[in-house]
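Reading through the structure tokens given below for one structure.
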Amino acid sequence: MSKHSIAVAIFIILFTFSCQKKEEAPLLAHHLPEKEEEVTPIDSSLITIPFSLALHPVSEDYAFEKSRAVSEFYGKKIGLSDFSGGLLVAKNGKIIFEDYKGYANYAKKTAVSKSSPLHLASVSKVMTATLVLKLVQENKIDLNEKVQTYLPDFPYQNTTVKTLLNHRSGLPHYSRFSESVKGWNSRKILTNADVLDYLKRYKFALLSKNDTHFNYCNTNYAILALVIEQVTGMTYAEAMQEQIFKPLGMNDSFVFDFVNQKNEVSQSYKTNYVNHGWDQYDAIYGDKNIYSTPRDLVKFDLATYSTEFLRKDLWEEALKGYSYEKRGVKNYGLGIRLREWETGQTLHYHNGWWHGNTSSYTTLKNDTIVIIALSNKYTRKTYQAMKLSALFGDYPFELDEKE
């Protein structure tokens, strides 16, 4: 072997070793690595998906500046000493702030980490709506089709897939069925099929006529999960894995199996780490019951910028508002909330709350920023994450106010 070949071989070995060490090092974005002057190894803080994206690289200077501002807000103004969960801010897949605190299981002292799936509560609706749109793209579902087309036993003839998605169906909330059913069995663990059966048997009065008013209601998404199962021939969990989690590499995400996973998942706590426990609605999915991580949610958010994953016209259908019968800045799309200000700025987000779990997913489409806060110990500090939008665009939030 020539001296030149030996030198090249040594360089390759040293370069590979350097990259491996860099990948193994844990990264908190508010302790950003210094710039590499000569060699740029694989950046472990850059999250990617296997779909084409027209997003620009984010400079370390920008990441460092914004990271300090986020840390200042959450570390000093909001305070995280009692927080249990994960916080993450990313631009174009580049993590610019990331932090994890508390316990996924307090009794076992299992710490929350970047790979700890936490209950998304109603942020799960964003995933359910996207799965429906994927099936629209495959011509298996029509947004304007009547639900009875897919579920013949569904008793309300005017309800469409779209009015389930945008909460304009007028359906009553399944947690209120007990008020109208004599001899309600509060110990019975309800399933999605039970929700449909109660609607069929009792034909509860609608809260409003179809597509006339916005009424946020978990029943809508429990029924959508049944529609998904009907048209795919798979369980909701299998369809979500096949259409969303697996294609995007969301390896720490799954749909909760109440019967088999109660003791395995991250637990839900009251403010003092008292386990919240379970109730008869915990097995219902579609409206909730997806467990995921902030990093996996970044992958999902990146997919919302890819027309390879979902057609542009379908993203546009999801992101526009449908409820303008009342004045105000708040609105709802297809599985996503909106705030539309007179200045022309629009913010898309979804919050969640189920037992002690709270969640917030904020996606700034004009600024390609995603802000994620998940907690398994009850707190409203997760919802403060939306205010961080003011650091990245002209959004009317004040960062100098206490919670």
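The values are calculated or read from the model by the stated rules, or taken from the named source; none is laboratory data. What you see is a predicted model; the values in this text were computed from it and never measured. Reconstructed Cβ throughout: ideal geometry from the backbone, glycine too, with neighbour counts over all protein chains shown.
I need a count of the residues in the range 157-188 that are touching a strand residue (DSSP E or B) at 6+ places or on another chain (Cβ under 9 Å) and assigned to a loop (DSSP other than H, G, I, E, B).
Looking only at that region, the number is 7.
Residue check: is SER186 without any contact (Cβ under 8 Å) to a residue 24 or more places away in the chain and of a type in the set (Gly, Ala, Ser)?
no
So the check is Cβ under 7 Å with 6+ separation or different chains; which pairs have a first residue in the range 377-403 that's not assigned by TED's automatic domain parsing to the domain that holds LEU347 and surrounded by fewer than 16 Cβ atoms within 10 Å (Cβ to Cβ) and a second one that's modelled with pLDDT of 95 or more and among the aromatic types (Phe, Trp, Tyr)?
PRO396/TRP341
Out of the residues in the range 343-381 meeting the condition of being in a strand (DSSP E or B) and under 17 Å from TYR273 (Cα atoms), tell me which one is nearest to the chain's Cα centre (by Cα).
LEU374
Touching a Lys or Arg at 6+ places or on another chain (Cβ under 6 Å) and buried (at least 22 other Cβ atoms within 10 Å of the Cβ): does that describe GLY356?
Yes; evaluated as a whole, the condition is true for this residue.
Could you please find all residues in the range 329-342 being modelled with pLDDT of 95 or more and assigned to a loop (DSSP other than H, G, I, E, B)? Reasoning before the result, please.
Here is the first cut: in the range 329-342, the ones modelled with pLDDT of 95 or more are 329-341.
Residues satisfying the conditions are VAL329, GLY333, LEU334, GLY335, ILE336, TRP341.
Please state which one of TYR291, TYR322 is more than 25 Å from LYS91 (Cα to Cα), surrounded by 18 or more Cβ atoms within 10 Å (Cβ to Cβ) and of a type outside the set (A, V, I, L, M, F, W, C).
On inspection, the qualifying residue turns out to be TYR322.
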